[in-house]
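Here's the structure, in structure tokens; my notes come after.
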Amino acid sequence: MQKNILILGDIFLDIFEITELLKMSPERPVPVLKKIQNKKVLGGASNVANNIKSIGGKPFLISKMANNKTYKEITDLLKKNQIKFKIVTNKNYSSSIKRRIVENNHQFCRIDDEEIKLLLISDEKKIFKYIKKNINKFDALILSDYSKGFLTKNLLEKTINLFRSHKKKIFTDPKKQDLEFYKGSNFICPNIKEFNDFLEFEKINNNSKQSIAKLFKKSKSDAFIITKGSKGISIIFKNKKKIDISQESVNIYDVTGAGDTFISFFSYLLTNDIDIINSLKIASKACIKIVQKKHTSVLNFDEFRYLISEYCDQNLINLDLKIKLWKIAQFKIGITNGCFDILHSGHLELFKKAKHLCDKLIVLINSDSSIKKLKGNKRPIIKLNKRIELIRTINNIDDVVSFNQDTPLSLIQKINPDILFKGSDYNERKVVGYNFIKKKGGKVKIIKKLSNFSTSKILNS
């Protein structure tokens with residue numbers, strides 16, 4: 001599930017000068033600040049790479065810089081975060097630094113130290129040669145354009161066409177007004193201002209279907225995904241269909257890097273075969289978490305897993321989608337199965353012990369017709385809907401799914417869990433799914449059951 005994502009774009013060093021207010025200056029009516037801390041973090045395309053890495057992906061970053069102190073600081077941070085990169089250097093290139101003065105947990109001002117220097121043709125050729133040679137290593141492409149000179153029209157055109165020809169998705173965070181630069185990108189992800197800049201550049205005065213059609217004709221994209229801050233997200237498909245996704249209201253601490261987080265989550269989830277709408281919703285929720293953090297931040301892997309778990313619990317999504325998301329978050333999935341016709345202490349003990357050995361526990365339960373076939377016409381005692389309802393109330397259970405067949409083998413194969421659990425009244429090698437699980441590198445775990453507890457004994461007593 002760890003997809004390899006190529007990121008091309010402008011990189012900079014984000015510096016946060018943490019200060020406290022001392023007094024007003026006697027020289028001019030301006031505050032006098034005392035420096036408390038100097039925090040340096042990855043910015044721009046390198047922040048996108050950091051986001052991808054933090055959620056379990058494998059980013060590869062390509063950019064340009066001057067070979068100076070800032071270059072060393074950025075590359076040291078990339079190495080520290082185990083991000084692979086290829087940065088071309090030249091004495092004529094500049095390094096971008098965004099220095100933010102923070103007082104009382106809020107940005108007081110920002111000082112940008114940078115020059116726009118176009119990528120040299122020789123470096124352009126070198127970079128594309130590298131991408132072409134390694135195209136099969138990458139699952140998707142993110143273009144993180146801050147319009148600082150790295151993403152030239154020629155490099156964009158050749159790289160987009162290359163990924164298109166290999167049927168790999170391209171995600172673009174744009175800054176240029178001319179959509180011609182991003183022609184062929186599958187998903188162009190502007191904020192509302194950037195989208196309006198597209199309209200202005202094309203001399204379009206409204207958002208009518210005819211106007212939108214003009215943008216699609218020029219961009220050759222599959223969809224525009226427009227982020228609108230607290231107003232949520234709009235996605236417009238090339239068939240002109242528009243879907244709006246609302247955003248929950250939160251107290252915003254710092255929006256720095258939120259756009260990087262959005263495109264990172266959206267692209268990574270979609271590349272892992274999560275549908276567009278759910279990918280957008282989860283990316284939106286990730287941004288909510290980010291804007292409540294200090295400075296340029298990412299969700300660490302534990303926070304990402306919690307986000308996924310929370311999303312699966314709070315939304316009415318099917319088991320297939322849950323399993324996909326759980327696997328992206330690298331949760332260890334366990335399965336147990338049975339009739340559970342009369343729920344007793346032995347079952348509860350099995351669930352409890354199984355859950356201690358996995359992150360997500362799924363119970364596969366025989367349908368009424370399946371039980372009748374296995375146990376006779378007097379069974380089940382309790383109908384399927386009631387059995388499912390009872391099991392769902394148990395804290396250790398993450399989902400329940402029924403099956404009509406004599407055995408749950410087809411479901412086990414479909415879910416492909418990490419661990420298969422059964423009670424100690426079963427021989428390990430006789431457990432349904434044993435050969436499949438072992439072949440896939442999983443485990444079969446026999447759980448010691450409480451003595452004197454079984455449905456048959458209860459019914460016969």
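Where a number appears in this text, it was derived from the coordinates with a stated rule and is not lab data. Since the structure is predicted, the reported quantities are computational estimates derived from the model, not experimental observations. Here the Cβ is made from the backbone with ideal geometry for all residues, glycine too, and neighbour counts use every protein chain on show.
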| What residues have an amide H closer than 5 Å to that of LYS3, excluding those fewer than 5 places away on the same chain, when H is modeled at 1.01 Å from N in the peptide plane? | LYS58
| query | How much FRET efficiency would the formula 1/(1 + (r/R0)^6) give for LYS373 and PHE301, where r is the Cβ-Cβ distance and R0 is 60 Å, rounded to 0.05? | reply | 0.85
| query | Which distance in nm do the two modelled labels at LYS39 and LYS193 give, with both placed 7 Å along the Cα-to-Cβ direction? | reply | 2.3 nm
| message | Quick check: convex hull of the Cα atoms in the range 126-265, volume per residue, rounded to a whole Å³? | response | 123 Å³
| note | For LEU316, LEU120, ascending order of other Cβ atoms within 10 Å (fewest first) is LEU316, LEU120
| Once the piece of chain linking LEU348 and ASN81 is laid out straight, how much longer is it, given 0.36 nm per residue of separation minus the C-alpha distance between them? | 91.9 nm
| request: Counting other beta carbons within 10 Å of each Cβ, put HIS347, HIS295 in order, fewest first. | output: HIS295, HIS347
| note | Simple spin-label estimate for LEU390/ARG429, 7 Å along Cα→Cβ, in nm, reads 3.5 nm
| From a point 7 Å beyond the Cα of THR89 in the direction of its Cβ, which residues of the range 48-62 have a backbone N at a distance under 16 Å? | 62
| field | Under Karplus coefficients 6.51, -1.76 and 1.60, residue-wise ³J(HN,Hα) of the range 181-194 in Hz, glycine/proline x | value | 4, 9, 4, x, 4, 5, 10, 9, 10, x, 7, 5, 5, 5
| query | For helix 319-328, what angle does its Cα long axis make with the longest principal axis of the chain, in degrees from 0 to 90 and rounded to 10? | reply | 50 degrees
| Long-range amide H contacts for PHE85: which residues qualify at under 5 Å (H placed 1.01 Å from N, peptide plane, sequence gap of 5 or more or a different chain)? | LEU61
| task | Per DSSP H run of at least 4 residues, take -39500 (n - 2.57); add these up for the chain, divide by its residues and hand me the 222 nm value, nearest 500 deg cm²/dmol. | result | -11000 deg cm²/dmol
| For the range 3-19, 3J(HN,Hα) per residue [Karplus equation, 6.51 cos²θ - 1.76 cosθ + 1.60, θ = phi - 60°, Hz, x = Gly/Pro] | 6, 8, 10, 8, 10, 10, x, 7, 10, 8, 9, 8, 10, 10, 8, 7, 10
| message | Within the range 266-352, count lysine pairs with alpha carbon atoms under 28 angstrom apart where the residues are 8 or more positions apart or belong to different chains. | response | 26
| query | Each residue of the range 330-335 in order: what ³J(HN,Hα) in whole Hz does its phi give by Karplus 6.51 cos²θ - 1.76 cosθ + 1.60, θ = phi - 60°, with x for Gly and Pro? | reply | 6, 6, 7, 9, x, 10
| message | Sort PHE351, PHE403 by Cβ crowding within 10 Å, fewest neighbours at the top. | response | PHE403, PHE351
| request: Determine, from the Cβ-Cβ distance of ASN416 and GLU157 and an R0 of 45 Å, the FRET efficiency 1/(1 + (r/R0)^6), rounded to the nearest 0.05. | output: 0.65
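Using a Förster radius of 41 Å, what is the FRET efficiency between GLN210 and GLU114 based on their Cβ-Cβ separation? Nearest 0.05, please.
Result of the calculation: an efficiency of 0.60.
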